[in-house]
Each structure stands twice: as structure tokens, then as C-alpha cells.
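The values are calculated or read from the model by the stated rules, or taken from the named source; none is laboratory data. Nothing here was measured: the structure is a model prediction, and the numbers come from that model. Neighbour counts run over all protein chains shown; Cβ positions are idealised from the backbone, glycine included.
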Ligand SMILES: Cc1cc2nc3c(=O)[nH]c(=O)nc-3n(C[C@H](O)[C@H](O)[C@H](O)COP(=O)(O)OP(=O)(O)OC[C@H]3O[C@@H](n4cnc5c(N)ncnc54)[C@H](O)[C@@H]3O)c2cc1C
Ligand code: SF4
Ligand code: FES
């Protein structure tokens, strides 16, 4: 183990200095079999080059901050094992389809706006008072939306989505999956308020059902399924009597 | 340099911070609330909480039982008026979370379900599978988006509190994207900056848990309470420190030594795997010392075995654990035992705050893990923390909103000067610094190893003295650091350096408080003083900054009501 080494090639870009992104190569020890790509970046930052910038926090695949292109595929760098790439070099780039702020840091403000636009909160005609206790909901009812509630907002699906790549007005996989998460929740009555956002031009109809989003999703959310289901909903809206789906 | 003004400014976008922001708005819909966070709120470390949130919701439970378990768990260092308020509010808060969309796991009748947890005498830990923190955080964050009164400053790193006439009137924050320093002023400030696990090498805490808020308050002259009380969780994965939730034991998992023995029968015979964390962590260390641990590439470990629960239960109740085992250890927990060892996990100590989250400084409040309102004493019970974030986050939000309605507006003048000084300080200390040679990565690593060694599960006078000395040496070396990154844009070397600065300071407060408490209580286990000493130390410690090398200590009586201190056996 001790003398194994791995080459990490990574995107460097500092808008203060660089006109365009460039690649930089680092050869570092592959010091532990459990080492992930994020560990390699941390090794570089701590020991070789303190100026390399990237986001991370939990190191356990749940905070969603460490998404990067690893050898061309969107990955959580904390869950991408070096041993799966070694001895070949590993190419680490910022997620595709997003503006780059610095090195491996992408600008995700666009998603934050989209997230808000789908009203990701429980909407009810009439709130029940806290004193009345919880809404009754069975585990089976939760199963209806569970998958879509597992989204960690990691943006891997956006990086994989060819439609978003061409037109970033497209609401995109995660936002649609999250809208679906609320629409399917037995406690929610907000379908009618969310449909216009989803049904408009930049909504579900943009999706050509490539399905790449579901392939790269690290949490099994299957946004492609959410998009297909939402297409059905938006058609039904014109068929069902007004207010029927509340 | 920019200037913004709020009624209430929340620092932190974790569970406590967001709950506080919503509470402020609901207390008074006219208040303008700002929320600053160094990461996007949904990245906050609350996201990693797995096991559940405690509340006496079930008919067979009672406030009194929850209160007693909490006080006993705290080794009688909890303030009982605070505990009382907590157990009454916690059920309401969990129902509120349900109304906000948290997908709590349910009983067959559709009500919120509960599971057993360490140190709790009945099933009162409500859960959303084994991703409770993730679901709570996303639910409360997404809900917060519907309040137009809340303005977020995402990826803004707070470097200093603005204090004018002994009153907190906002913060100075570095906008990560642009490198600009802003004075964000407010009539009141709520610190909700989370834990400090990264002061240790082996921790379940994420990279952002660097004790910033504690350090900010400490520098402003506010005391830090019970800083010697650091929790070690029994079951972390070797190497990564990733947590295997206590829910694994709650659902019936066994802890086994290298003889295949459920060794806890020799330590907590009546509770076994459901004993409290401090005692089980010590039991595991003792097993290691007596040669009954396994030896692995990343040190000693024991086994946590869930094979007997069967695939169905595991997939329904512990799916994330199976995922973590597969992803990070390469094992299927349905078929193999999980390697585990004690790991730094949680900070009981924190910013001195009262039952409403108010600190002794006018206009300054604190909530969540960075605060010490007196709930957890010397040992927090698992699953009380998420509920604490809700109960005391909401309390702080309400108190700050009320305070702000009556408070004087903030004047721009002195604030401008402070802002300018602070921006200049950072430039001189870091960005324009020449000739440094020390790597922050190296200093950080050494600090972490010193903390593991000196302020770990077991402590001694010699170990703590050595730690204090070593931390002093590291502080000196910090004066000679080298910053390679001079960019204005997303300069994470700069923020890491400032985090290390915070951590060196906070580590010192832990070591000093631990050295002074010459007894063993809860998580604070002194080999040289193995007994609890109520006569001398049934007291909160408070540490104040005098100078970095020699903080000043005070003690304050614990608030005791119905539960008189007794021997703590399980
Ligand atoms: C792995 C793990 C599992 C856990 N499981 C459980 C459990 O099952 N049950 C339970 O009750 N508890 C559990 N806990 C404990 C509990 O999750 C935490 O105590 C709690 O979530 C802390 O929440 P918080 O809001 O105080 O802080 P955090 O969620 O950590 O949020 C801190 C916020 O402060 C911000 N911040 C920090 N510094 C700055 C700065 N300088 N400038 C600007 N912003 C800043 C951050 O950006 C972040 O938004 C667990 C903890 C861990 C680590
Ligand atoms: S849907 Fe999957 S890939 Fe997309 S943001 Fe959510 S978790 Fe990430
Ligand atoms: S660091 Fe949190 S998902 Fe990778």
C-alpha cells in the first residue's frame, strides 16, 4: 500500500486570474484502500496545494455538496472510491451544465430559485391546529412518495441532463421530483398550485426521456419516473373536473 | 462593503437556525429576518442525523419520565427547569414538524411511530427511517421558503460579532462568492452554528463543524458553559468516523467483543445495548485495553451485529445503515457484523444561554448544538438533540422577535468602523501575510490528534496539561501560517484558516475546563478522579476569555427541582 500512487487531474479556474479553466495534475499517495476521491482532494489541499477549491461537508453521501464530474460521470466525490479507478489517472471536473465559480465549485443559485418555484411545502386549504395532533398517514402512503423525498439536492442529475444542458430554463429532474414528492403526499392539497409551474413550457414537456438523471442519481430518487408521472398529471388537469385532485 | 439591516439575524441554517427564523416570523409577521449560513442550509450537519428525535408523545409515556431519563442521563448536571420546559414542548414541536411535511415513520394506526433509544426507559424516539435529520432538515428548510420575511445569505462566513455598547447588533460576514466583507446589522442575533467535532481527528461531524459560533461569542466576552462535556458515541466506523446510529441497538443489535460475548452485561446489565453513550463508550475502551477488541488496519474495533434482525426489518427501519455498510465498508450488514469503535460525536457544552436562548449579552441569543441552555448536562441522551434544536430554536426565535420589537435601531456609524477593522484584520492576518511556512492542514491534523489523545473518552491531569501546552505551541505556529490562496473568489483556504483559528481557541477551553473539573461525571471521565463529587462539582463550569493561553473559570449552581442527585446506575 505504502508506495502506491495515484494521479489526480483537476480543473483549476480562478476568475481573478484565469481567462478560462485549465487542468492541473497532482501525483499523490494512494494511502488507504478505503480512500475516496474527496480524500484525494483533501490530501492535495492539506499537503500540496492549499488553493484548490471545492465544496464538501458530511463525507457520508447525505449533505449533497461534493458533486463533481469524475472521469466524465457526475458523482459524489465522497462516495467514489479511488481503488475503482487506480492505476489510471482520475480526472475531476466541476459538474457539467452549471456556471463555474471557482475550480470545482459550481453556481447553483438557479436550482435554489427553481426549488422555491415549485412550492416545496405542504399546502392545505385549511391547516389543522397543532392541538389536533398529527395527520394520520400510513407507511404505505409514505411509500407513495418516499423515493422522491430522498433527494439530497446534489445536482448530479442536472449535470447529466442533456435537456438542461441545452436550455437551463428547464425546471429539471430534482425540482420536478420534489414537486412530485409533495403532490403525492396524502397531507398535501397543493397540486393545483404546482401544476402551472410544471406544465408550462420549461416544465416536464421539455424532457425527452433520456433517463440519464435516474442513472446517475446516488439516492435512487428516479427523477425520470417523476417526470413521466407529472406529464400524466398535467394532461389529467384538463380532463378532471376542476378541483378534483385536491 | 455592504450594509443590511434586520430585526432578527440568525447565524446558521441547520435545524435550530431555521426553526428560530420561522418562530421569529410567526411571533411577529412584521419582523425582517436574515439567515446567514456558511453552506447552503440543506448542507448543514443536521442532515446527517440518523436515529430520531425524542418526545413523550405516546400515551404510556409521561413528561416526568422523559424528564427523569434526561436528568439521570445528564449525571444530574442538567438544569431541571429547562428539562421540564423541554419535555413539554418537544411533543408539540414534533407534531409541528409533521404538519410541515416531515415523513415520520408510522404505526399501523397512522400515528407517528417511536423506537427505543439509549438511556430512554420507553419508546419515545420518533424517526423517519434512519435518515431522521435529513428529512427534518429538508422539511423545515423547504417550509421556510414560503416566508417572504426571511432573507437568506447563503455561503456567507461570519467572522465577527458586531457589538456596540455591550449589545450585539449584527455580524461581519465574508461573502464566499465575491470575497466581500459585509456588515449585516440586526436588532438581535441568534447563533445556531452547530458543533465542534472537527477539533478531534476521529469524529462523526462534518467538515463544517468547527465551533465558529462558540468562538465568536467567547471572543465577544460571553462565557462558554460545561466545555469539558464532549460526547463520544460508541459506534463509529473505523477510518471514516461515519456514524452507525444508536437506532441499530434500539432495534435490537448486539455489541460483541472478540470472544463473541455481549460484554455490556459486565457494565450495564439492566440496559445492555440500550445503556447511555458515555458508559458504553467507556466499556468499549476498557474491552480494548483488556485485549478483547479486534485489530484492524485502522486500529481496534468491536462488532455491532444485526444479522439476527433479518433483512426485512433492516430494510424497513435501517436502510441507510445497509447503504453505508455497502458504500463505505464493503459489507452487507444483513450478512456480516459491522466494525465499530467510539467516536467524537456531540458537544454538550456551549454558549451560556438561558431557557429562552438569551445569553448574558443584550441582543445575543443561542440555540442548537452551539448553545448550552442547560438541557444536556454531562451527557446528552441520544435523540434529545434534534428535539432540542426545535424547542430551543423556536424559543430563541420568539424571544429575539420580542426583544427586537422594543429595541433601538442600529446606527450605521460605529458599525462601519468595526466592519472596516475586521476586513483589514483578515487581510493582514491571512491574505497579505508574507513569509509564513506552516501549513494549516498540518496544524489542524496535529491539533486533532492532540485532542483525541488528551481530551478523549478518558482524561488525566498529565494528559490535559500536556494538551494545553501543545495547543499553546500550535497557536504559536498558527502565527506563522502560509496562505497560498490570495483569490477573492471562493477562497476555502482562507475560511479553513479562520476555522482553525476558532478551533484552536475552542480546544483550549475544552482542555482548561476539563483539567479544572477534578471528578468524573457523565462524559467527563478522569482516571485520576474516578468518582462523582457532588459536594464540589454539582456545578456548571463557565469559561471566559482573558487571554488565549489562560482562560478564566467560574462555576454556577445547577438548577435542581424534583430529582435529587443519586448514584447513576443502569
Ligand atoms: C452523524 C450524526 C448523527 C446524529 N444523530 C442524531 C439523532 O439521531 N438524534 C439527535 O437528536 N441528534 C443527533 N445528532 C446530533 C444533532 O444532529 C445535532 O446536534 C444537530 O443537528 C445540530 O443542529 P444545529 O442546527 O445546532 O447545527 P447544524 O445543523 O450543524 O448547523 C450549523 C449551521 O451553522 C452554520 N455556520 C456555522 N459556522 C458558521 C459561520 N462561521 N458563519 C456562517 N454560518 C455558520 C452552518 O452553515 C450551518 O448552517 C447527530 C449528529 C451527528 C453528527
Ligand atoms: S434527484 Fe438524485 S441526482 Fe438529482 S439532485 Fe436529487 S439526489 Fe441528486
Ligand atoms: S460530502 Fe456530503 S455528500 Fe459528499
Output the residue which, of all residues in segment B:287-303 that are out of contact with any helix residue (DSSP H, G or I) (no Cβ under 9 Å at 6 or more places or on another chain) and at pLDDT 95 or above, is farthest from residue B:239 (Cα to Cα). B:290
Within segment B:112-122, can one find any residue that is within 9 Å of chain A (Cβ to nearest Cβ), in contact (Cβ under 8 Å) with a residue 40 or more places away in the chain, crowded, with 22+ Cβ neighbours inside 10 Å and touching a helix residue (DSSP H, G or I) at 6+ places or on another chain (Cβ under 7 Å)? yes
Does segment B:49-63 hold any residues that are surrounded by fewer than 24 Cβ atoms within 10 Å (Cβ to Cβ) and either in contact (Cβ under 8 Å) with a residue 40 or more places away in the chain or within 16 Å of ligand 1 (Cβ to nearest atom) (or both), and which are they? B:56, B:57, B:58, B:60, B:61
Counted residues, segment B:18-54 - those being modelled with pLDDT of 95 or more and under 17 Å from residue B:206 (Cα atoms): 13
Quick one: which of A:104, A:38, A:95 is within 19 Å of residue B:43 (Cβ to Cβ), in contact (Cβ under 8 Å) with a residue 60 or more places away in the chain, within 16 Å of ligand 3 (Cβ to nearest atom) and within 11 Å of chain B (Cβ to nearest Cβ)? A:104
Any residue at all in segment B:378-394 that is farther than 19 Å from residue B:222 by Cα, part of a loop (DSSP other than H, G, I, E, B) and away from ligand 1 (no atom under 12 Å from the Cβ)? yes
Residue A:117 fails exactly one of the following numbered conditions: (1) more than 19 Å from residue B:111 (Cα to Cα); (2) facing chain B (nearest Cβ under 7 Å); (3) surrounded by fewer than 21 Cβ atoms within 10 Å (Cβ to Cβ). What is the number of that condition? (2)
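Among the listed residues B:339, B:360, identify the single one that is closer than 15 Å to residue B:248 by Cβ and either more than 16 Å from ligand 2 (Cβ to nearest atom) or modelled with pLDDT under 95 (or both).
Matching residue, one of B:339, B:360: B:339.
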Which number in (1) more than 16 Å from ligand 3 (Cβ to nearest atom); (2) touching a helix residue (DSSP H, G or I) at 6+ places or on another chain (Cβ under 9 Å); (3) within 14 Å of chain A (Cβ to nearest Cβ) marks the one condition that residue B:170 misses? (3)
Out of B:160, B:225, B:146, sole residue that is away from ligand 1 (no atom under 12 Å from the Cβ), touching a strand residue (DSSP E or B) at 6+ places or on another chain (Cβ under 7 Å) and at pLDDT 95 or above: B:225
Can you name the residue in segment A:43-79 that is without any contact (Cβ under 8 Å) to a residue 24 or more places away in the chain, more than 7 Å from chain B (Cβ to nearest Cβ) and within 29 Å of residue A:212 (Cα to Cα) and is also surrounded by the fewest Cβ atoms within 10 Å (Cβ to Cβ) among such residues? A:72
Single residue of B:192, B:201, B:217 found to be closer than 30 Å to residue B:286 by Cβ and more than 16 Å from ligand 2 (Cβ to nearest atom): B:201
Return the pairs, sorted by first residue and then second, in which the second residue is within 6 Å of ligand 2 (Cβ to nearest atom) and assigned to a helix (DSSP H, G or I), the first residue lies in segment A:150-165 and is in the same structural domain as residue A:65 (by TED's automatic domain parsing), the beta carbons are less than 8 Å apart, and the residues are 6+ apart or on different chains. none
Answer yes or no: is there a residue in segment A:40-56 that is within 16 Å of ligand 1 (Cβ to nearest atom), modelled with pLDDT of 95 or more and over 16 Å from residue A:6 (Cβ atoms). yes
Being more than 30 Å from residue A:7 (Cα to Cα) and either outside any loop (DSSP other than H, G, I, E, B) or not assigned by TED's automatic domain parsing to the domain that holds residue A:196 (or both) is the filter here, so list the residues in segment A:85-130 that pass it. A:109, A:110, A:111, A:112, A:113, A:114, A:115, A:116, A:117, A:130
Residue B:443 vs (1) within 14 Å of chain A (Cβ to nearest Cβ); (2) loosely packed, with under 15 Cβ neighbours inside 10 Å: all pass except (2)
Any idea how many residues of segment B:357-375 are touching a helix residue (DSSP H, G or I) at 6+ places or on another chain (Cβ under 9 Å), under 25 Å from residue B:513 (Cα atoms) and in a loop (DSSP other than H, G, I, E, B)? 7
Residues satisfying the stated conditions in segment B:319-337, i.e. more than 14 Å from chain A (Cβ to nearest Cβ) and either under 25 Å from residue B:524 (Cα atoms) or surrounded by 22 or more Cβ atoms within 10 Å (Cβ to Cβ) (or both): B:333
Selection from segment A:120-141 of residues that are surrounded by 15 or more Cβ atoms within 10 Å (Cβ to Cβ), more than 7 Å from every other protein chain (Cβ to nearest Cβ) and without any contact (Cβ under 8 Å) to a residue 60 or more places away in the chain: A:141
Pairs please, first residue from segment A:213-234 and within 14 Å of chain B (Cβ to nearest Cβ) and under 16 Å from residue A:76 (Cβ atoms), second anywhere and more than 8 Å from ligand 2 (Cβ to nearest atom) and not in a helix (DSSP H, G or I), Cβ atoms under 9 Å, 6+ apart in sequence or on different chains. A:218/A:61; A:218/A:75; A:218/A:76; A:219/A:61; A:219/A:62
